[in-house]
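The values are calculated or read from the model by the stated rules, or taken from the named source; none is laboratory data. Note that this is a predicted model, so its numbers are computed, not measured. Cβ placement follows ideal geometry from the backbone for every residue including glycine, while neighbour counts extend to all protein chains displayed.
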Amino acid sequence: MREIDGSHGEGGGQILRTAIAFSILTQTPVRINNIRANRPQPGLKPQHLTVVRMLASLSSADTTGLFIGSSTILFHPHFLKTGNFRFDVGTAGSVVLIAQTLILATLKTKKKIMVELTGGTDVKWAPSWDYFTNVFLPIIKKLGVNVEVVLLKRGYYPKGGGSIRLIIHPSSDLNPISLVNPGKVVDIKGFIHSHGLPAHVMERMRQTVQKETMQNGYRCQIQSDNHPTISPGIILTLWTDADDRFLGAVGLGERGRPAETIATESVQKIVSDIDSGAMVDQYLFDQILGFLVCADGKSQILTPVLSSHAKTNIWLIDQFFHHKKCVRCSNNDSLVKVDVFGMNILG
């Protein structure tokens with residue numbers, strides 16, 4: 001049984017989600033201690049409890065310690081179930097983070113799995129739905145992950161109520177990728193979704209994005225939409241229109257923050273990453289690291305910086321694969337070059 005210190009490094013819900021995903025993939029029982037110990041409200045919160053129960057259901061796992069506030073859980077997976085499932089987070093907890101975890105945990109499935117998730121599609125501290133579909137999914141499909149997604153309804157904080165459908169197909173061995181030779185980026189694409197706010201807020205955001213991207217020497221194709229949601233909100237997502245550079249930026253509306261400020265900061269973020277020569281942004285690198293470790297061979301990635309989440313993820317991977325240093329990092333001018341030695345987990 002693997003013993004995992006849930007307070008290590010970033011010490012949030014990510015350790016919990018990723019540790020259980022690797023537990024299922026490697027068929028290794030885990031005990032996770034000190035869950036979210038450094039947070040103001042430590043232990044399992046409702047959204048974390050829901051995720052663990054989802055993964056336990058899908059993997060026919062034996063568990064202990066599954067209650068709100070729990071600081072220690074035991075998780076012993078057995079076999080993957082297939083078929084159709086529905087799970088409700090019960091809050092505005094991110095269905096995108098859950099979907100990423102489910103895709104990783106079920107890479108070894110031999111039959112199709114369809115899951116409908118209800119919760120928040122565009123919330124703070126999580127990738128937006130449009131980032132998920134336009135940045136995250138294209139790169140894991142490049143690795144060989146076979147998955148389809150459908151947006152059924154958007155959901156913002158605090159009531160959530162958004163829903164998505166996730167269809168996970170069996171994948172063959174994952175291919176390593178090499179993203180170290182940046183090509184030229186000319187176009188930036190974007191999408192703004194809003195509901196329950198005056199129309200001029202979205203228009204001001206759109207105009208600011210257009211102005212800022214042009215001033216930085218890039219073209220921008222930006223679309224917008226306004227579909228009903230339970231809670232009001234606005235979200236801006238930008239991404240690079242390139243086959244080999246996977247960069248994105250997300251700006252979530254918040255009370256007291258002008259639309260122009262959100263747009264300007266988002267453009268500055270993606271332009272900075274483009275100009276640095278990075279091939280994936282720092283958040284995407286963290287999100288794909290588990291998939292890279294599953295590939296059959298060495299992947300190479302250029303990223304602007306290692307986030308605290310990524311450093312925690314690297315540590316966690318070492319806990320499961322003690323016999324081999326899977327991730328090696330080195331400075332490359334102003335970037336971080338990362339070699340990830342895949343364990344061919346699907347082989």
Query raised in the report: Of all the residues that make up segment 261-278, how many are more than 14 Å from residue 127 (Cα to Cα) and surrounded by 16 or more Cβ atoms within 10 Å (Cβ to Cβ)?
Result: 12
Query raised in the report: Which of the following residues is farther than 30 Å from residue 172 by Cα and buried (at least 17 other Cβ atoms within 10 Å of the Cβ): 44, 66, 102?
Result: 44
Query raised in the report: Which ones in segment 7-41 are under 18 Å from residue 60 (Cα atoms) and in a helix (DSSP H, G or I)?
Result: 16, 17, 18, 19, 20, 21, 22, 23, 24, 25, 26
Query - Single unsatisfied condition, residue 282 versus (1) without any contact (Cβ under 8 Å) to a residue 60 or more places away in the chain; (2) touching a Gly at 6+ places or on another chain (Cβ under 9 Å); (3) polar (S, T, N, Q) - result: (2)
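Restricting to segment 62-108, count the residues that are part of a strand (DSSP E or B), farther than 24 Å from residue 344 by Cα and among the aromatic types (Phe, Trp, Tyr).
Selection size over segment 62-108: 2.
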Report task. Check whether at least one residue in segment 333-347 is at pLDDT below 95 and within 18 Å of residue 278 (Cα to Cα), and report yes or no. Result -> yes
Query - Selected residue (only one of 187, 243 is among the acidic types (Asp, Glu) and either surrounded by 23 or more Cβ atoms within 10 Å (Cβ to Cβ) or under 14 Å from residue 275 (Cα atoms) (or both)) - result: 187
Report summary line: Pairs returned, first residue in segment 126-150 that is in the same structural domain as residue 105 (by TED's automatic domain parsing) and modelled with pLDDT of 95 or more, second residue that is assigned to a strand (DSSP E or B) and of a type in the set (Gly, Ala, Ser), beta-carbon separation under 6 angstrom, 6 or more apart or interchain, are 126/94; 131/248; 135/248
Report summary line: Output for Cβ contacts, cut-off 8 Å, separation at least six or different chains, first residue under 14 Å from residue 32 (Cα atoms) in segment 54-70, second at pLDDT 95 or above and assigned to a helix (DSSP H, G or I), reads 63/52; 63/56; 66/52; 66/53; 66/56
Query raised in the report: Any residue in segment 46-59 that is more than 24 Å from residue 121 (Cα to Cα) and part of a helix (DSSP H, G or I)?
Result: yes
Query - Unique residue being outside the structural domain of residue 213 (by TED's automatic domain parsing), over 29 Å from residue 124 (Cα atoms), more than 20 Å from the chain's Cα centre (by Cα) and not in a helix (DSSP H, G or I) when the list is 330, 299 - result: 330
